[in-house]
Structure formats: structure tokens, C-alpha cells
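Data block below; observations after.
The values are calculated or read from the model by the stated rules, or taken from the named source; none is laboratory data. Note that the structure is a prediction, hence the values are computed from the model and not measured. We place every Cβ from the backbone using ideal geometry, glycine too, and count neighbours over all the protein chains shown.
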């Protein structure tokens, strides 16, 4: 498995957590369940954070970058 494939797989897990959190947050709002809403909001935050970090690892200093030089 290449590094880019691993990043996409981790981002996919983050999106799945985000979708689950969205479900629980909306359900908590509809049925007035405070704890369900709070855990859903926390899962949204965690899921989005995982996806963003996984897809932006190339911008962290110290990691090798694979930028291609454009020859003109």
C-alpha cells in the first residue's frame, strides 16, 4: 500500500466518523437528547479533523514532498 493510498483510507475513516456524528447530532436535535447531540457534535469535529489532517500531511515541515518541477 502506497503512502497516498493510506492517506485516502484514513481520510475515508474520518468521513465515516463525520457522517455518524452528523446522524447523531441531527437525531439529538430532533428528539431533544442533549448527550446524543453533544457526542454527535464531537464526532463531527473528530471526523473532519482526521480527514483534513490525513489529506494535508504533505504540508507538514520535515516530510519529503513529491512536487514535480515544471520544465519550461
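Go over the candidates 50, 44, 58 one by one and state the one that is surrounded by 13 or more Cβ atoms within 10 Å (Cβ to Cβ), part of a helix (DSSP H, G or I) and at pLDDT below 85.
Details: 50 fails: at pLDDT below 85; 44 fails: at pLDDT below 85.
One residue alone meets the criteria, 58.
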- Item | Residues (outside any loop (DSSP other than H, G, I, E, B) and either over 10 Å from residue 44 (Cβ atoms) or more than 22 Å from the chain's Cα centre (by Cα) (or both)) located in region 24-33 | 26, 27, 28, 29, 30
